[in-house]
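The values are calculated or read from the model by the stated rules, or taken from the named source; none is laboratory data. These numbers come from a predicted model, not from an experiment. Don't worry about glycine lacking a Cβ; one is built from the backbone with ideal geometry, like all the others, and counts go over all protein chains shown. Side chains are part of the model used for accessible areas, which takes the heavy atoms of the whole protein and leaves out ligands, DNA and RNA. Shrake-Rupley method; radii C 1.70, N 1.55, O 1.52, S 1.80 Å.
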Amino acid sequence: MRFLGNIEAKLDAKGRVFFPSTFRKQLQAAGEERLVMRKDIFQQCLTLYPESVWYEQLDALRAKLNRWNKEQQMIYRQYLAEAEILQLDGNGRFLIGKRYLQMAGMTQDVRFIGMGDCIEIWSNDKTEKPFMEPEAFGAALEEIMGKEEE
């Protein structure tokens, strides 16, 4: 799956939101029924993973962590404690719990951004400006993509 797009939506009074139909069609085509939502590690947004992608990432993390190391076990626990399995209702909506709304600073207007194998949900006011200034973005891409293979 490769999610691509930038779609605005509104939360209702209960915190429910319609999952964008373009993304829903991709999930259905891939045979995915559930999503996993967690607060993003680095940004003030929520990240939705198709269940199969979530478990691949979870397995990769578990493989790098030692279950018998106290700090590494706490990292794994925190990673899982901030995750929740979601299933869309018959109308294509899902509930974003109050805890998640607070973590991501969301009120009513949100934006779904396709990020390849996952989808981010942002408060609309955080996406009004570009994430990076155009000059900095161009320079960063040039630095990353302009390097010759060794």
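Side notes on the structure shown:
- Among the residues of the range 7-56, those identified as at pLDDT below 95, polar (S, T, N, Q) and within 14 Å of the chain's Cα centre (by Cα) are Q43, Q44.
- Pairs with Cβ under 8 Å, 6+ apart, first in the range 1-14 and on the phi < 0 side of the Ramachandran plot and open to solvent by 100 Å² or more (accessible area, probe 1.4 Å), second assigned to a strand (DSSP E or B) and among the β-branched types (V, I, T): E8/V110; K10/V17; K10/V110
- Test: residue in the range 48-59 that is surrounded by 13 or more Cβ atoms within 10 Å (Cβ to Cβ) and closer than 20 Å to G15 by Cβ: yes
- Residues of the range 113-123 that are within 14 Å of A9 (Cα to Cα) and out of contact with any Ser or Thr (no Cβ under 9 Å at 6 or more places or on another chain): W122 alone.
- Within the range 1-32, the residues that satisfy the criterion of being among the hydrophobic types (A, V, I, L, M, F, W, C) and more than 14 Å from I121 (Cβ to Cβ) are M1, L4, A13, L27, A29, A30.
- Restricting attention to the range 15-36, the residues that are surrounded by fewer than 14 Cβ atoms within 10 Å (Cβ to Cβ) and at positive phi total 1.
Here's the yes/no breakdown for (1) in contact (Cβ under 8 Å) with a residue 12 or more places away in the chain; (2) open to solvent by 80 Å² or more (accessible area, probe 1.4 Å); (3) outside any helix (DSSP H, G or I):
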| site | (1), (2), (3) |
| --- | --- |
| V110 | yes, no, yes |
| E120 | yes, no, yes |
| D125 | yes, yes, no |
| G138 | no, no, no |
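- Scan of the range 73-98 for residues that are free of Cβ contacts under 8 Å to residues at least 60 places away in the same chain, over 16 Å from Q28 (Cβ atoms) and either open to solvent by 50 Å² or more (accessible area, probe 1.4 Å) or in a helix (DSSP H, G or I) (or both), ordered by number: Q73, M74, I75, Y76, R77, Q78, Y79, L80, A81, E84, I85
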